[in-house]
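The values are calculated or read from the model by the stated rules, or taken from the named source; none is laboratory data. Given the structure is predicted, the values throughout are model-derived calculations rather than measurements. Note: ideal-geometry Cβ built from the backbone for every residue, glycine included; neighbour counts use all protein chains shown. Side chains are part of the model used for accessible areas, which takes the heavy atoms of the whole protein and leaves out ligands, DNA and RNA. Shrake-Rupley method; radii C 1.70, N 1.55, O 1.52, S 1.80 Å.
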Amino acid sequence: MDRLLCGDVGYGKTEVSMRAAFKAVMDGKQAAYLAPTTVLAFQHVKTLRERFAGFPVRIDMLSRFRTKQELKTSLADLAEGKVDIVVGTHRLLSKDVVFRDLGLLVVDEEQRFGVAHKEKIKHLRKKVDVLTMTATPIPGR
């Protein structure tokens, strides 16, 4: 799957992405949310944790505001499959981020990423389902 979901704020893009992530996790896959800013990543983590509070879904975050030890633990747990959904900024595209079995990548506001990051996303598209969300119309996409 490679889909673009475009709609104004409050349209329900995050709701659609959460349902897709839940389906991926229930099928034994991992899901990743890629956000252009730390503030947006924190918002996604908060929303996902509130929504999945009653389910056995582990949600984690990779960001520059976590200590080196926290990041090390999170990366190890992600590689072992102990983390079901990971949220982060471009940090998710780093070489040291390894998934056990990534099934879905949710990209929020892709146009705000640089060329190098978009190339990495393009490479991931060959292997996993990708849902791109935006509130900004993208001509020619």
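In table form, for the structure just shown:
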| quantity | calculated |
| --- | --- |
| Reach of K23 by Cα under 30 Å, taken over lysines that are not fewer than 8 positions away in the same chain | K13, K46, K72, K82, K95, K118, K120, K122, K126, K127 |
| For D60, residues with placed amide H under 5 Å, excluding near neighbours | I85, V86, V87 |
| Amide H contacts of Q30 (H built 1.01 Å from N, under 5 Å, at least 5 apart or other chain) | D101, L102, G103, L104 |
| Magnitude of the charge dipole, the chain, Cβ model with Lys/Arg +1 and Asp/Glu -1, debye to 20 | 280 |
| Solvent-accessible area of H90 with every protein chain in place, 1.4 Å probe, in Å² to the nearest 10 | 100 |
| Surface per residue (accessible, 1.4 Å probe) for the chain, Å² | 56 |
| Shape metrics for the chain, restricted to C-alpha atoms - Rg then Dmax, Å | 14.0, 43 |
| Among T37, A24, M133 the positive-end extreme of the charge dipole of the range 1-138 (Cβ point charges) | T37 |
| Alpha-carbon Rg/Rh ratio, for the range 1-43, with Rh computed the Kirkwood way | 0.98 |
| Those trypsin sites (Lys or Arg not before Pro) in the range 7-104 that DSSP places in a loop and that have at most 12 other beta carbons within 10 Å | R64, K95 |
| Where chymotrypsin sites (Phe, Trp or Tyr not before Pro) fall in DSSP loop in the range 41-141, at most 15 other Cβ within 10 Å | F65 |
